[in-house]
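The values are calculated or read from the model by the stated rules, or taken from the named source; none is laboratory data. Please read these numbers as outputs of a predicted model, since none were measured by experiment. Reconstructed Cβ throughout: ideal geometry from the backbone, glycine too, with neighbour counts over all protein chains shown.
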Amino acid sequence: MQKYAEAFYKSTAWKRCRASYLKSVGCLCERCYAKGLIVPAKIVHHKIYITPDNINDPSIVLDFNNLEALCQNCHNEEHILTMRRYRVNEFGEVIF
(Lines give C-alpha, C1' and ligand atoms only; values in the text may rest on other atoms or scores of the structure.)
Protein backbone atom coordinates (compact mmCIF):
# COMPACT_ATOMS: atom_id res chain seq x y z
CA MET A 1 0.00 0.00 0.00
CA GLN A 2 1.25 3.44 -0.88
CA LYS A 3 1.91 5.77 2.05
CA TYR A 4 -0.50 8.44 0.74
CA ALA A 5 -3.36 5.89 0.69
CA GLU A 6 -3.04 4.56 4.25
CA ALA A 7 -5.51 7.02 5.77
CA PHE A 8 -8.02 6.36 2.99
CA TYR A 9 -7.96 2.59 3.48
CA LYS A 10 -8.46 3.05 7.23
CA SER A 11 -11.39 5.45 6.74
CA THR A 12 -14.95 4.62 7.72
CA ALA A 13 -16.13 5.62 4.25
CA TRP A 14 -13.86 3.03 2.59
CA LYS A 15 -14.65 0.29 5.11
CA ARG A 16 -18.38 0.78 4.56
CA CYS A 17 -18.01 1.00 0.78
CA ARG A 18 -15.83 -2.12 0.68
CA ALA A 19 -18.23 -4.16 2.83
CA SER A 20 -21.23 -3.01 0.81
CA TYR A 21 -19.53 -3.78 -2.49
CA LEU A 22 -18.45 -7.26 -1.39
CA LYS A 23 -21.99 -7.99 -0.25
CA SER A 24 -23.38 -6.76 -3.60
CA VAL A 25 -21.30 -9.35 -5.50
CA GLY A 26 -21.88 -12.19 -3.03
CA CYS A 27 -18.33 -11.94 -1.63
CA LEU A 28 -17.01 -13.84 -4.67
CA CYS A 29 -14.07 -13.11 -6.93
CA GLU A 30 -15.61 -11.60 -10.03
CA ARG A 31 -12.91 -12.82 -12.41
CA CYS A 32 -13.08 -16.39 -11.15
CA TYR A 33 -16.88 -16.33 -11.20
CA ALA A 34 -16.80 -15.23 -14.85
CA LYS A 35 -14.82 -18.44 -15.52
CA GLY A 36 -17.37 -20.55 -13.66
CA LEU A 37 -15.31 -20.85 -10.47
CA ILE A 38 -16.59 -20.12 -6.97
CA VAL A 39 -13.73 -18.42 -5.09
CA PRO A 40 -14.13 -16.06 -2.12
CA ALA A 41 -13.01 -12.48 -2.74
CA LYS A 42 -10.40 -11.10 -0.35
CA ILE A 43 -9.74 -7.72 -1.96
CA VAL A 44 -11.80 -4.90 -3.42
CA HIS A 45 -9.65 -3.65 -6.27
CA HIS A 46 -9.82 -0.18 -7.85
CA LYS A 47 -9.90 -0.55 -11.66
CA ILE A 48 -8.61 3.00 -11.98
CA TYR A 49 -5.72 2.88 -9.56
CA ILE A 50 -5.66 5.31 -6.67
CA THR A 51 -3.04 8.05 -7.06
CA PRO A 52 -2.16 11.16 -5.06
CA ASP A 53 -4.13 13.13 -7.67
CA ASN A 54 -7.41 11.19 -7.32
CA ILE A 55 -7.31 9.96 -3.70
CA ASN A 56 -9.90 12.58 -2.67
CA ASP A 57 -12.25 12.00 -5.61
CA PRO A 58 -15.21 9.89 -4.44
CA SER A 59 -16.16 9.16 -8.06
CA ILE A 60 -12.89 7.21 -8.30
CA VAL A 61 -12.30 5.80 -4.84
CA LEU A 62 -15.87 5.01 -3.69
CA ASP A 63 -17.74 4.38 -6.94
CA PHE A 64 -18.96 0.79 -7.39
CA ASN A 65 -18.31 1.13 -11.15
CA ASN A 66 -14.59 1.44 -10.37
CA LEU A 67 -14.47 -1.52 -8.00
CA GLU A 68 -13.90 -5.22 -8.54
CA ALA A 69 -13.96 -8.01 -5.96
CA LEU A 70 -10.92 -10.25 -6.41
CA CYS A 71 -9.32 -13.26 -4.78
CA GLN A 72 -5.67 -12.95 -3.80
CA ASN A 73 -4.49 -14.80 -6.94
CA CYS A 74 -6.41 -12.56 -9.33
CA HIS A 75 -5.25 -9.45 -7.50
CA ASN A 76 -1.65 -10.63 -7.69
CA GLU A 77 -2.03 -11.28 -11.43
CA GLU A 78 -3.44 -7.77 -11.89
CA HIS A 79 -0.47 -6.15 -10.23
CA ILE A 80 2.14 -8.36 -11.87
CA LEU A 81 0.90 -6.92 -15.16
CA THR A 82 1.52 -3.39 -13.86
CA MET A 83 4.97 -4.06 -12.41
CA ARG A 84 6.69 -3.58 -15.74
CA ARG A 85 9.26 -0.89 -16.42
CA TYR A 86 6.62 1.22 -18.11
CA ARG A 87 2.86 1.48 -18.48
CA VAL A 88 0.50 3.08 -20.97
CA ASN A 89 -2.01 5.67 -19.77
CA GLU A 90 -5.59 6.14 -21.00
CA PHE A 91 -4.29 8.29 -23.88
CA GLY A 92 -1.94 5.57 -25.14
CA GLU A 93 1.13 7.46 -23.91
CA VAL A 94 4.01 5.51 -22.36
CA ILE A 95 4.68 6.38 -18.73
CA PHE A 96 7.75 5.18 -16.81
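The set of residues from the stretch 60-96 being at pLDDT below 95 and polar (S, T, N, Q) comprises GLN72, ASN73, ASN76, THR82, ASN89.
Only residues that are charged (D, E, K, R) and over 13 Å from CYS71 (Cα atoms) were counted across the stretch 11-34, and they come to 4. Within the stretch 39-64, the residues that satisfy the criterion of being of a type in the set (Val, Ile, Thr) and either over 18 Å from ASN76 (Cα atoms) or in contact with a strand residue (DSSP E or B) (Cβ under 6 Å, 6 or more places away or on another chain) (or both) are ILE43, VAL44, THR51, ILE55, ILE60, VAL61. Which one is surrounded by the most Cβ atoms within 10 Å (Cβ to Cβ), of the residues in the stretch 36-48 that are in contact (Cβ under 8 Å) with a residue 12 or more places away in the chain and either of a type in the set (Phe, Trp, Tyr) or farther than 13 Å from GLU68 by Cβ (or both)? Applying the filter and picking the extreme gives VAL39. A search for C-beta distances below 9 Å between a residue of the stretch 8-35 that is of a type in the set (Gly, Ala, Ser) and any residue that is in a loop (DSSP other than H, G, I, E, B) and surrounded by 11 or more Cβ atoms within 10 Å (Cβ to Cβ), counting only pairs 6+ apart in sequence or on different chains, returns ALA13/LEU62; GLY26/ALA41. Count of the stretch 1-27 residues, restricted to those that are touching a strand residue (DSSP E or B) at 6+ places or on another chain (Cβ under 7 Å) and surrounded by fewer than 17 Cβ atoms within 10 Å (Cβ to Cβ), is 3.
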